[in-house]
Amino acid sequence: MADIKNIPILMYHHVMAGDGKLLPDDSSFVSLADFKAQSGVLLAAGFTTLDFNELGLILDERMKAPVKPVIICIDDGYAETLKSVQPVLSGNRQKAVVGLVTDCIGEFDDWQKARKEYYRIIDEKLVREYSGLCFSFVSHSKTHQFLSRLSDSELEKELRDSKQTIEELTGIPVNTLIYPYGDRDERVKAGLEAAGYRFGVSISAKTGYVLEDPLDLRRVYVKKDESIRTFMRKISPWYLWYRGFRRR
Ligand SMILES: [Zn+2]
């Protein structure tokens, strides 16, 4: 039985059709072929995908933990990415958690300078449609800023407004925020708690195991052109344990 305390939480940003070599020169662009292979290997290895509301129920002992839990996170909510992965996930009866920047719904994102089509974020209609399919939407803030640099009132707005917007759109409670750029400190974490969040998702974290600090969850960065061997190694129990041992 896998250890829920060291649940692997995967981090994706872009998944696009086409050869990896033809995609933008950035490690966050994973080819759809690689994503399909990774989704397939998770299924074959007996992993069950969870969302953060289910993780909360499991921690409260109101739901049974699957033998091999995993959470697939997709940051930013790019339309092209979500349209690409939706049939793959639905076909494998899997789900993913999408971090939405609520001021950018239906627009290009604000923080990438290039106005490329793959930076367009899904619109409200798709958020509603997809939340009934294989996606669970969580907050990735309102405007994608470094949260630790904001004033108390700006921070509160980023946390509360984004949560409220998604809850109104989907009708599903939002208990999680993915920190833009993985940026957080003790004040930001306290702000999350005050705004009603249970989980805060980082990139790396100096904790002993993944769920040690629910407001600072480390993730596994799935990079472009990653081999299945590397992918499986990075989600293996010993590797997750090792990262906790190294506190990174
Ligand atoms: Zn982001």
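The values are calculated or read from the model by the stated rules, or taken from the named source; none is laboratory data. Because the structure is predicted, anything quoted here is derived from the model rather than measured. Neighbour counts are summed over all protein chains in view; Cβ atoms, including those assigned to glycine, are modelled from backbone coordinates with ideal geometry.
Taking the stated definitions as given, is S90 crowded, with 19+ Cβ neighbours inside 10 Å, at pLDDT 95 or above and more than 16 Å from the ligand (Cβ to nearest atom)? When the stated conditions are applied, S90 does not pass them.
Yes/no matrix, rows are residues, columns are (1) in contact with a Lys or Arg (Cβ under 6 Å, 6 or more places away or on another chain); (2) modelled with pLDDT of 95 or more:
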| residue | (1), (2) |
| --- | --- |
| E117 | no, no |
| I121 | no, no |
| K125 | no, yes |
| C134 | yes, yes |
| F137 | no, yes |
| K142 | no, yes |
| F146 | no, yes |
| D152 | no, yes |
| L159 | no, yes |
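Looking at the structure I just gave you, is Q164 at negative phi, outside any strand (DSSP E or B), in contact with a helix residue (DSSP H, G or I) (Cβ under 9 Å, 6 or more places away or on another chain) and free of Cβ contacts under 8 Å to residues at least 12 places away in the same chain? Considered against the rule, which asks whether it is at negative phi, outside any strand (DSSP E or B), in contact with a helix residue (DSSP H, G or I) (Cβ under 9 Å, 6 or more places away or on another chain) and free of Cβ contacts under 8 Å to residues at least 12 places away in the same chain, Q164 comes out as yes. With the condition kept exactly as written, say whether any residue in segment 156-172 is touching a Leu at 6+ places or on another chain (Cβ under 8 Å), exposed (fewer than 14 other Cβ atoms within 10 Å of the Cβ) and not aromatic (F, W, Y). No, the conditions are met nowhere in segment 156-172.
Of all residues assigned to segment 133-142, none qualifies as being over 15 Å from I74 (Cα atoms) and hydroxyl-bearing (S, T, Y). Selection over segment 118-145 of residues that are in contact with a helix residue (DSSP H, G or I) (Cβ under 6 Å, 6 or more places away or on another chain) and small (G, A, S) gives a count of 3. Pairs linking a residue in segment 58-86 that is of a type in the set (K, R) to a residue that is away from the ligand (no atom under 16 Å from the Cβ) and at pLDDT below 95, with Cβ atoms under 6 Å and 6 or more positions apart or on different chains, are K68/A2. Considering only residues of segment 56-87 that are in contact with a strand residue (DSSP E or B) (Cβ under 8 Å, 6 or more places away or on another chain) and assigned to a loop (DSSP other than H, G, I, E, B), which is nearest to the ligand (Cβ to nearest atom)? This residue is G77. For segment 30-42, the count of residues that are over 21 Å from S139 (Cα atoms), within 16 Å of the ligand (Cβ to nearest atom) and in contact (Cβ under 8 Å) with a residue 40 or more places away in the chain is nonzero. A search for C-beta distances below 8 Å between a residue of segment 148-160 that is free of Cβ contacts under 8 Å to residues at least 24 places away in the same chain and under 12 Å from A195 (Cα atoms) and any residue that is among the aliphatic types (A, V, I, L, M) and surrounded by 14 or more Cβ atoms within 10 Å (Cβ to Cβ), counting only pairs 6+ apart in sequence or on different chains, returns E158/L147; E158/L150. Screening G182, G200 for residues that are within 16 Å of the ligand (Cβ to nearest atom), touching a residue at least 12 places away in the same chain (Cβ under 8 Å), touching a helix residue (DSSP H, G or I) at 6+ places or on another chain (Cβ under 6 Å) and within 30 Å of V41 (Cβ to Cβ) leaves exactly one candidate, G200.
Scanning segment 173-183 for residues that are surrounded by 22 or more Cβ atoms within 10 Å (Cβ to Cβ) and aromatic (F, W, Y) returns a single hit, Y179.
Do we have any residue at all in segment 45-53 that's surrounded by fewer than 17 Cβ atoms within 10 Å (Cβ to Cβ), under 18 Å from M232 (Cα atoms) and in contact (Cβ under 8 Å) with a residue 24 or more places away in the chain? The answer is yes; a qualifying residue exists.
Applying the condition of being in contact with a Cys (Cβ under 7 Å, 6 or more places away or on another chain) and part of a loop (DSSP other than H, G, I, E, B) to segment 94-138 and asking which residue is farthest from the ligand (Cβ to nearest atom) yields Q94.
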